[in-house]
Structure formats: structure tokens, C-alpha cells
1. Please report B:328, A:194 as a ranked list, fewest other C-beta atoms within 10 angstrom at the top and most at the bottom.
2. With θ set to phi - 60° and the Karplus curve 6.51 cos²θ - 1.76 cosθ + 1.60, what are the ³J(HN,Hα) couplings of the stretch D:151-158 in order, to the nearest whole Hz, using x for Gly and Pro?
3. So how strong a dipole does the stretch C:145-289 carry about its Cα centre when Lys and Arg Cβ are +1 and Asp and Glu Cβ are -1, to the nearest 20 debye?
4. What percent of all Cα-Cα pairs in the stretch B:5-145 falls into each 5 Å bin, going from 0 up to the bin containing the maximum distance?
5. Taking θ as phi - 60°, what are the ³J(HN,Hα) couplings along the stretch D:121-129 by the Karplus curve (6.51, -1.76, 1.60), each to the nearest whole Hz, with x for Gly and Pro?
6. Counting only other chains, and only Cβ atoms inside 10 Å, what mean value do you get across the residues of A:104-111?
7. Assign unit charges at the C-beta atoms only (+1 for Lys and Arg, -1 for Asp and Glu), then state the dipole size of the stretch B:5-145 relative to its Cα centre in Debye, rounded to the nearest 20.
8. Determine the shielding of peptide B:382-388 by partner chains: average, over its residues, the number of Cβ atoms on other chains within 10 angstrom of each Cβ.
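Computed from the coordinates by the stated procedures, all read-outs in this text should not be read as laboratory data. Small disclaimer: the values here were computed from a predicted structure and weren't measured. Note that we place each Cβ from the backbone using ideal geometry, even for glycine, and neighbour counts take in every protein chain shown.
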Protein chains: 4
Amino acid sequence: MSDAASGTGSPGTGPLGVACIGYAFMGKAHSAAWREVSAHFDVPATSRQVLVGRDAGQVAEAAATYGWAESATDWRDVIARDDIDIVDICTPGQTHAEIALAALAAGKHVMVEKPLANTLTEAVEMAAAATEATGRGVFSMVGFNYRRVPALAHARNLIAQGIIGQVRQIRGAYLQDWLVDAQAPMTWRLRAESAGSGALGDIASHTVDLVGFLTGSTATDVSARLQTFVPQRPGPGGPEDVTVDDGAWLTLGLSGGAVAERAVASVEVSRVALGRKNGLTLEIYGTEGAICFDLERLNELQVLRGTDASSHGFARVLITEEDHPYLSAWWPPGHVIGWQHTFVHQVRDFLTALDSGTPPTPSFADGLATQRVLAAAQESARNASAAITLGPT
Amino acid sequence: MSDAASGTGSPGTGPLGVACIGYAFMGKAHSAAWREVSAHFDVPATSRQVLVGRDAGQVAEAAATYGWAESATDWRDVIARDDIDIVDICTPGQTHAEIALAALAAGKHVMVEKPLANTLTEAVEMAAAATEATGRGVFSMVGFNYRRVPALAHARNLIAQGIIGQVRQIRGAYLQDWLVDAQAPMTWRLRAESAGSGALGDIASHTVDLVGFLTGSTATDVSARLQTFVPQRPGPGGPEDVTVDDGAWLTLGLSGGAVAERAVASVEVSRVALGRKNGLTLEIYGTEGAICFDLERLNELQVLRGTDASSHGFARVLITEEDHPYLSAWWPPGHVIGWQHTFVHQVRDFLTALDSGTPPTPSFADGLATQRVLAAAQESARNASAAITLGPT
Amino acid sequence: MSDAASGTGSPGTGPLGVACIGYAFMGKAHSAAWREVSAHFDVPATSRQVLVGRDAGQVAEAAATYGWAESATDWRDVIARDDIDIVDICTPGQTHAEIALAALAAGKHVMVEKPLANTLTEAVEMAAAATEATGRGVFSMVGFNYRRVPALAHARNLIAQGIIGQVRQIRGAYLQDWLVDAQAPMTWRLRAESAGSGALGDIASHTVDLVGFLTGSTATDVSARLQTFVPQRPGPGGPEDVTVDDGAWLTLGLSGGAVAERAVASVEVSRVALGRKNGLTLEIYGTEGAICFDLERLNELQVLRGTDASSHGFARVLITEEDHPYLSAWWPPGHVIGWQHTFVHQVRDFLTALDSGTPPTPSFADGLATQRVLAAAQESARNASAAITLGPT
Amino acid sequence: MSDAASGTGSPGTGPLGVACIGYAFMGKAHSAAWREVSAHFDVPATSRQVLVGRDAGQVAEAAATYGWAESATDWRDVIARDDIDIVDICTPGQTHAEIALAALAAGKHVMVEKPLANTLTEAVEMAAAATEATGRGVFSMVGFNYRRVPALAHARNLIAQGIIGQVRQIRGAYLQDWLVDAQAPMTWRLRAESAGSGALGDIASHTVDLVGFLTGSTATDVSARLQTFVPQRPGPGGPEDVTVDDGAWLTLGLSGGAVAERAVASVEVSRVALGRKNGLTLEIYGTEGAICFDLERLNELQVLRGTDASSHGFARVLITEEDHPYLSAWWPPGHVIGWQHTFVHQVRDFLTALDSGTPPTPSFADGLATQRVLAAAQESARNASAAITLGPT
């Protein structure tokens, strides 16, 4: 059993070997999840075999710090190794397709960070490959970690139970402010060729995914406006054009699941909303109740039950009770968890699915559905916000 | 001096005679404002001469209760009276144009409740008549009372002073829930012919007006989606079609005043947002700060100053200090005022304008500008949300 | 019917004539209540006959501004007048006893601002006189206006209905900051001989009264600490000693009404709690629920129902529904009222009690009970906080 | 290097061997901290050698789950081992003294969970032993982990910098509700002989420690009331007497550090405050500003700067910026941390102190100072709340 092993293997089998590709922000967060999962959840044993990155020195240091047995620089070598069962892809979006397709072909289970891919073409190919691999017992999942916020998982349960009736209106936002300074420098995230889009793909993707997750609905049409508030930013050689959006405004028609006929969701995202650091907020209005959430207070859920305004209002429910999703693994009521624990839950759900032979969710097909909405938003924005109808997926 | 007089007239002149047309919700609120204004503000003396309504018995009772010297049933007679200097129009929107035009022609100062009119044609005619009357020293104003919320008047001052820098993004909403019950009965407010539109004209009008008021900007283009969540409601003779919107989503391009280039405002309104009773909220994001407001907590303003996140955040400023707008007239710090006091402030500003010979604001032309935005929103919604460009006003 | 009349008299009788003694802060607030009550509530007609103050010119101006028919400088003359039925005492505490006793003796109904008196001796005498007068059909009331905050009246109803079970623990505070500046000048409010006590009598009195009002309990013992943070302040002739408390901390044993055995209330008050303007807060913890309130958000009540933490939490109930106390008189849901409306409700309740021949509450005896608690607190503080047992009242 | 090692040892030395005594709630939380610290902070390498508990089977399972190399049942054997450098004591309070004294005598660095001990006698002995050991280079610390909440560490810095001026008034509370049900069963925590006291020692201890931590002041006198709301609870053989407090109310005179003369702190704690799960709240009022904190929202700090109420109010500062205490180790702004991370910070600070040869804080002497306050509170409560003067420590 390697130094980086966690949990106890099933009889007759060793722990599942994990390779993580990428060691930046997401690689650090995923590493913590792989380290911690078995101390809190009853999951198949895993072994943190190898962390992969392009800079040999840096990735070796990261592997030591984050608790991986080894490091490597060539992901192709790694996915060919027999001791690797799971490939966790934490690299930038434009590399997702190539790595994921190769890993699935090599028979490895794949977890890939959102967004699924930078282009719709790649996403379509990935979803097809994932479906084919599932037939072979090779599983895959896209990492929309906010599905694993206990408060949101609880909200989904409440909605599924009909607590708030049929959902008519969803008001979603994801507001950040790290680009508020017009002199903040140009980066790859601000170029269409490397990033695909801006706030749209980076953060609206989460909100759109959650609308579907929470209600089981799909988008039927999309109207959008995109805006680049700061059209040029300083680059090393002078001003460069910003070719992605700083903010996006979407309205979606919704159908299916827990939504009423004619339901509508709005999604507003920004990277210049000063004072909002990680402001993913959702307001979900149903016929019999309503639910609100704010990622900056992720241990809380605002719940309104029933229509009797003289006795009811939005109740702040602290989502730290033992019977709340994921919470029995943690601490007594009122002892809050943090953002990083959503990744622990994600790994837990992935491993549990593997263990039970059930395909994990969200699947690549789910990731593709979100990509389609974002692509339609871009098309709508190019056409003066005229709504784009989405076909059946 | 009549029983219903307030304040002391200028030397050589009696108090200004006021007639109020309409005695329902708005008539009651305006009556309270006319009664109270001179006890708190130094304004020209007024006399509450006559309250006008169609039902002689009911209007007589309302006049007694609300403190008017007399009641009457024919507004045409009333505006012809020599003892009437001011006509305050609190009737439904489809009657605004006729009464206002006649009153201005008769040389009476006119205050008209929002919206200015139900149709753009009427609004254009009213604005023209108001301009002409102003030349004769006959003044007019449209009653967007939320401009007189001290917190919003203070916000406007802060923005004008540059405290939050240039405004890039405004996130406005006005959420109510009085139509959440699909069995709530059909009313004139739900028919296009009588109400013009639904949530759009009734409450989005306030939000759109405030965007301009707070920043001094004008809308350059509008994209909108309208939705009727409950398409039929019970009428006396069976189900009837609802022909106005229950909810509306707008995005506006903005230009001028305190907004940055490429600024965008979103406006979302609803009458089925369960749990929101009078939820007019605004979030205004600038380059150097941000401001948030919620009408359900109208004595508070959330203010973020500067971009140093390690030491700053949204500060809850209680707008009850003596140097806040309108507040020196009321109570010590922390002693909150109520919704109805916005109408007292409105009357105060109207009378102060009359006294100084300065046309009061918002003018009929200002009301028309808001109407143009709402009409464009309806046109956009009919065209799958394709944006409508607004010409210079 | 005089200029200052409101409402319609009962058949065969004219309106009740009101005299208001005092025209400063409280006189202004009470005047507004007398002016407005009949426009919103169905009460016996009243006539605002005379406003009384020591400075003839100032009180005449105040009478004109606040809507009183006349002004006067000698309260003794006024309470002798036949056209006066009600005497509303808004003067400083040390004058309450003399005026109230004379008015009751003259057969006038009396409303007196809190505190009932500056000394326990006076309060005892007043309570006795009030009881005697009640036997003659002459009524009296002490003005703890916060009993008329709709949210608190609603809280009392919820507690009486057993919604939160038996109350074990109450956490009350009243925090202000107007003395935070050590250079704020000396005033009569900071001298024991004129003010009796400091924050204790001025604001702890409200909190103590509300504990009894909300639960129907009485205090069985009191332990207290008083503190004067700024022991000297600048007077006209140099530094003067502050001889009252700037802050007070009380714990009370409670018995009776809705409280459990061994219930305890804490009360903390201050005039140097920077950032708190009118911070009367209450947290009431029962065996089956809990209720919280903040006077700076007086239209809201936080209500927790039941003990199931996984589904419940504190719900923010907006107390603006038609079936909430006093609210049917005002505006639609979500249209908030202000601090001054508590005085309108107080006058409404006083007049309604007169009309029905039922003694109004809180009676002078109720005011005396609060005085006894405050006196015991002072005694405890003088004895190193050792608890003082309160006898049966 | 063992399986349970973290970080890289200094040249010439191996990692520091850690033994953890106790594997229940605190043992689990401390284990997570030892596992995670080196992935986030640059600290001396440690090796999780042995987890100690009385039940061999259970502690072996816990050791495997929580990532310890071995388990053991006899702490005396363990502290004698050469491979153990640090002893982390997570057992119930009555065992702290014996283990800590033995470990210090054996030359091991000691971290002990709060409270330092169950009796003042033990605490005195421990503080003396710690002082003696420090002279030998053997260090010790008591685990008041809330000093390591970034928001509170930041608050302490702000106060030390004079941002809020001199502190006059502190309003502290720690409210929980896990004993609200009168039928909740008897446990060792509710017996004086095993638990020492109830809410007082368990949670008031945290609040009292924080008052000193935040301001650098010491308590000069204490007045207290203790209450047991539910005097009997069901035991296995029938009702048993609860011999500790369910709630406690303290006022403390303060002196020294950042507090003004005559400063006062209040502390209210409860285990029956329904709806409060982990409600450690602090309000700190100074002459130039104020700070508020709520452990249920531990990533936030409410900060009021300055005395200009017209422009300022309590600002919600999200304590997730890189320059906030401890935060550079974690995630980007707005990505919140959880309760358990306070233990990671505690271990980080302990290891950093060891590395630099500086005695860590809070020392056993600091723990003793808090114990003295709690003991005085008990004495005061026995004497009808009469204040107890605390001598110089």
C-alpha cells in the first residue's frame, strides 16, 4: 500500500489508482478531496499514484505537498499505466477532450473539471465516447462541484418532494469582481481562442447546470446579451483586445421536471460586480414555496414553505444537520463546512457510483447539454439577443 | 381658512387649493401626504378642497375620513373651479391623459400618478402639453414616488459625487407575489385593454425610472421577454384569458450620466415570486464602489466604498441621519420612516418647485422616456427578444 | 367642529377634546398620532384643542405646525377647561406626577409618556390615583409605545397561543450610540437629580416593559451592573460629573404567564454602542420555538416554529399582512410602516378603550411594576450586583 | 518515512512524531488538522505515529480511518516512546492534568484541548509545570481553536491597530440548543463531578478566552447567574438530577490592553436557545468603531469604522482575501473555509512556534486565567450574583 493510499481495499483487489492531470487551483482542490475522502466517507480505497504537469520541478514539489506518490510530465504515459484506474482531469478546457478521449479509450474512469470542453464539437465527441465507454463499464463524470453543496443537494430534494410546488421562475446569478480594475492585465482567460468564452463559460455554466440539477428541467430556448466592459487590457507588448465577455445575461425557457408550464429562468453573471467575490445566488419561486441560496454562505438555505404570508417567510435553515446530504460525515450541527468540501463530496459520489456499477452524474451528456445552452447564448448575443430555440437533446 | 388647510399662506395670497381625483389606494396615500406635509416641511400653504370620485356616497365618506373639505363626482367641474390650483390625479392609467390635458389647459398645476398613461400616443401628447404649459408657468409632474425614498435620493447623491466611480452594471428587480395563486380572480389589471400591460407597466416602470434617476443615463436599446404564467383566471362567467404579462425580463444598454461606456442594466419583475411582497431591489456596480437597496428595508442602504476587499465590504447604512435627504424633517437617528412618507416627500418637492418657479421632476417628458422603454420591451418580446434600438428622445 | 377635529362624533356628543402638554420630540410624535388616527382607524372623534408649553411664542408656532387649534402656557388652566376630555403628558419625567395627579383629579383621561415618573414614590402615588380614578370612569395609560409595534403585538399573540412553547430565556438589549463621543456636552439627561437614571430609565424601561408584555410574566429578582463610561463631560463652566449610567446590564428571574419555571431574562442597554442607533432587540427562546425582533427593522419578525432543525430555521416574516395587528388600517403587504405609527396605534388603543369603557393598558400600575424593577436594579448595582428579590406587586 | 507522514523534515532530523490521545469528536477534528496542515502551510514535517484510546478495536479502526500509523490503548506507554515528540490531548477534561503533566515531564511538547482542566487546582498545577517545562524547551498550548478563526484573528489585528479606538463594551454570547428537549437523556456532561460545569465551562470558556485574546485585557471582577432550566433528566434507572448549568450570564469588568477605563463585557451562554446551533457571537464597541462576529458565518466580519453615521455602517467583510490571517494558504477570495480549518491553523501555529523556539499561545497560564474567571463566576452565582474581585494573576 503506497504512502498516498486511503481507505481499505475490497478483498482481492488493491486500492484504485488515481492520476490527477493538472496541479494548479483545481489540481490543489481535487488533491485535497482525494486525500480526505476516506477519512469521512465509506468509499472504495484509492491510492494517489501520480500528479501530472508540464513543469517537472513544479509538479514534483506539488506532488510532495499535496500527497501524491509520484509526479510525471507526460499524461499519455500515465494513462497507459496499469496501476491507474481513474484519471482526474484538472487542466484548462482546451485540453479536456484529448485527454478524456484517450483515457476512456484506455479503459480508465474519467472525472473532468467543468466545462466539459471549450467547443461544442469536442463536447459532442466526448459525450459519444462516454456513452460508448459506459457500455464497457468505464465511467465518466464532469465536475460541476456545486451540485455537491449540501444546501443545494437538499434544495433539490425539497423540490423533488414538491415542497415548493411547481417552479415558475428562477433567478440565478454568479457575480465576481476580479476584473473590476481596467488595468488588470491580459491573460489567456480573456482570449476567445484559449478560453472559449468569458464569464459565460466559466461561471454561467455552473448556474445553468444547477437550474437543470435542481429542477430536472431542460432549456427550450435561450436569449442572451454579452458584454465586454473593458475591451482592451494591458499585455506585455501593449494593449490587447479582450475577446471574451465580462458579463452575460440569459433568459431560458424551461420544460420538464419540477417546473410549471411556461417557466422561465434568468441568469446574470459578471466579473466586474464589485464586492461580490463568489456570488453564486439562486432564487427559485414555486407555486407553494420558494428557495434561495448564496454560495458565499454555503451552509445556509433560505426556505419558504406554503403561501400563508401572515405566518411564514423565508427561513434560514442551517444545513449542518446529520440528516442533511453529506453532513453525517462531518461535525455536529452548526459546525460549518467549507467550499473545498464540495470536492470531497464529488469524489465520494464518483467512487460510490464506481463501487455500485452505476454511472455517475453529471455525465458528459449532461455537460454537453449545458454547453449547448451556452453556445446558443453566444449565437443569440450575436443576433441582437433574438432567442434561439434548442432542439431535444 | 378651510378645515382642511395646512400651513400658512404667503402674504397676500391664500393657500393653494388642491383637488384630488381618485380615492382608492393611491388616493388614500396621496391624501395622507397632503395632510401631513406642512407639519414636517416648510412648504407653501395648501388647502385640501375636494376629493373626486364617481360614487357620490363613497367619495363623500372618503373625503371625511381622509380630511378633504368637500367631495365631488365630476372632475370637469372641479378643474374649472377658481379655488383649485393643483390637480392630483390618482385614477387608473387610461384616464390620466384626458384629465391631465384638461387640467393643464385650465391652468392648473398637475401631479399624475405613474404610469404617465396607458399608451405611448397619449404619453406623447401629455408631454407636449406639459412643455407648453410650463411656458405659461403651469407645472406638472409624474408620481414616481420611489425617487423620494431617502435611501435612493442619497444613493443618487453618492453616485453623482462619484463615490462608486462609473457605473457598469445595474441589477434591478421588482418582485411581488399577489398573483401566485392560479385561482386568484380575473381583474381589470389583467386585461391589456384596461391595464396596458401587467408587471411591466405596473412595477418595471418604477425600476426603469430609477435606473435613469440614479445614474442620469438613458436607455439606448432594450431586449425583453414577457411571460404570462397563468394564462386563464376565473371570471364571473367562467375562465377568462389573461392578456397581460405576469413577469418581465429586460436588459437595457445605457448611455450618459454616471454610467461607463457599454453599461448594462437588467430588470426582472414578477407578480408570482412567492415570498416577495414589495421586493424592489437594486444593485449598482461601479468601478470604485457599489450600492444595493431593498424597498422592504427602505431605511437602509448597502454601500461599498473603494476596491480594497481586505478592509471593506457592503456597509449597511441606516438612512435616518439628519443630513440624509428629507430626514431632518422627521425623527432622531434610528427612528425609521414608512413607505407612505415617500408621498409626503413627493408633495413637498412638488410644492417647493411651485414656490420657486422651477419645473418639478420627474416631468411628463421623463415619464414619456420610461414609457418608450416599456413599449420597446413589448415590441422586443413580440420579436423573440430581439433588441430594439431607442432613438434619441 | 374645530379646525383640528378628526373623525365624526357619536350622536349627541361632540368630539373628545384633547390637550397635549409638551411640544418637543414626544409632543411632535404624539401630535402626529392625534392628527392621523381617524384617517386610518374607526375611533371616537377627537378635537386637538390645545398644545401646552412654557414658551408662548414657540408653543404657538408648534401648535400651528402640528395642527392644534390653540396653544397655552399654563397646564393648570388647561386641565380645568370643560372642553378638554383627554390630557396627553409629553413633558420630562419629573413633571409627570404633578400633572397626571391634577388631571385625574379634574376628571380627565390621562395618557402619560414613559417612564411613569422619575421616582418610585411618585409612581406609587400615581398608580394609586389611577386606580381610584378608574372607579370614577376616568382612565389612564402609560405610553410604552413599543407595545404597539405590530411585530411585537403579533409576537405576543404567538406566544399566548403557545406557538413557541414555554419561554425559558429572553435576551433583550437596547443599544444606542449618541453618547459615544466623550466630548458630547453635559445635559439634564446626564444628571441624576433631573433624569433619575440614564440608559436604565430611558431605554431599559422599554425592554423590561416588553418582557412582561410579551410573556405575561413578572420579575421575581434582579441583579444589575451599571456603568458610566464617561464620568465627566464638558459643561458651560467646565467639566461636570455625569451622575447617571451610560450602560446597564440586568438579569431577571421571571415567573408566571408564558414563561417556564426558572426562566431568565437578560437586558443590556447602552448609549455608547457605536453603530446602533435605535437597537432594541429581543430574542425569546421557548421550548417549541423562538422569536427575534429588531426595532431598526420594525416591520419584520424572525419566527422559529418547532424543533425540527433539519427543515426549520428562523423565518423572516414581514409583518405587513392585513391580518397582522393594526395592519388592516394601512397599506398592502410589503408596504412598510414607520416608527411614528406606533403612536397612532397607541392613540387608537387608548380611544378604543375609552369608547368601550375598558381601562386601557399599560396602566399606571403596569408602569409602576417596571419602575420597581429599575429601582431594584439600581439597588443591586450599588451592592456589587447582588440580586434583589422583588415582592409580589 | 511512515505512511502517516506529512511534509519534509529538516536536514538531519526526521519528522516530528505525534501521538493523539482520544479519538472522539475532538480526536477526529485534530486528526484532520494533523493530516492537512502540511498541504497548506510551510511547517516542520510531522508523522502521525499513534492514536490512543481505551477500546482497542475502536481506536484501531479510527486510526486507520483518520490516517494514523498505529493505535494504542495505554497513553503512558505512548508518552514514553522515543518516536513521539508531540502529545495532543483530546480526552475529557478530568484526564487533562494527569496526561499533560506526565507528557511534559517526559519532555514532550503538549497541546491540550480546552478547558485546561476541570478544577482550578489542577489548572494551577498544570500552568506551573508548563512554565517549568518551557525553561527546558518543552512547549505547551491549550486549544482555544476559535483564536484561529481568520475573522477573529483579523479582528484582533484591527483592534491592536486602534481601528475601533478604545473598547468600552463587549457583548458576547454562545448559544446552542442541543438540550432544549427536557427528555434528552442524562449524560456525564450534565454531572458536576465529571464535567465541572455545564455551558459555563464548555462554551463560556471560549467567549471569555476570546475577550482577552481580542483586546489584550484581563478581567478584574465577575458577577454571574447560572441556571439549570431542566433540573432532572431521564437516566437509565429513572430521573437523575442535573448538577451543572444549562445557561450562564456573566458581566466582567475589564482592564488593560485595548480597553478603555471602566470597560465591561457581558457573556451569555445557553444550551437551550432554540434555533442557535453554534451561535458564538461577539459585538465589540469601541470609541472609534465596532466589530461583530458570528461563528455560524465564520468567514465574515462586520466592521464599522469611524463615527460618521451618515456615510458609514457595519460593513460585511468577507474574510477570504489573501492578506487576511491564514488565508493565503487556501483558496481565491469568496471561497469559504469551514469550522475544521481552525484546527489546521492551530496545528500550524503550534508547529511554527516549535520551529522558531517561541512558546506557543495560548499558554497553560492563559488557560488558567480563563479558569479563574469561570471559577469566580460559579462563586458569584452561589452568592446571589454578588461580584467577585479577581486578583492580579
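1. So the residues, fewest neighbours to most, are B:328, A:194.
2. So the Karplus estimates, Gly and Pro as x, are 4, 6, 4, 5, 4, 4, 5, 4 Hz.
3. Result for the stretch C:145-289 is approximately 340 debye, rounded to the nearest 20.
4. 2, 11, 20, 23, 22, 14, 6, 2, 0
5. 4, 4, 4, 4, 5, 5, 4, 5, 4
6. Per residue, the average neighbour count from other chains is 0.
7. For this selection, approximately 160 debye.
8. Rounded to a whole number, the mean comes out at 6.
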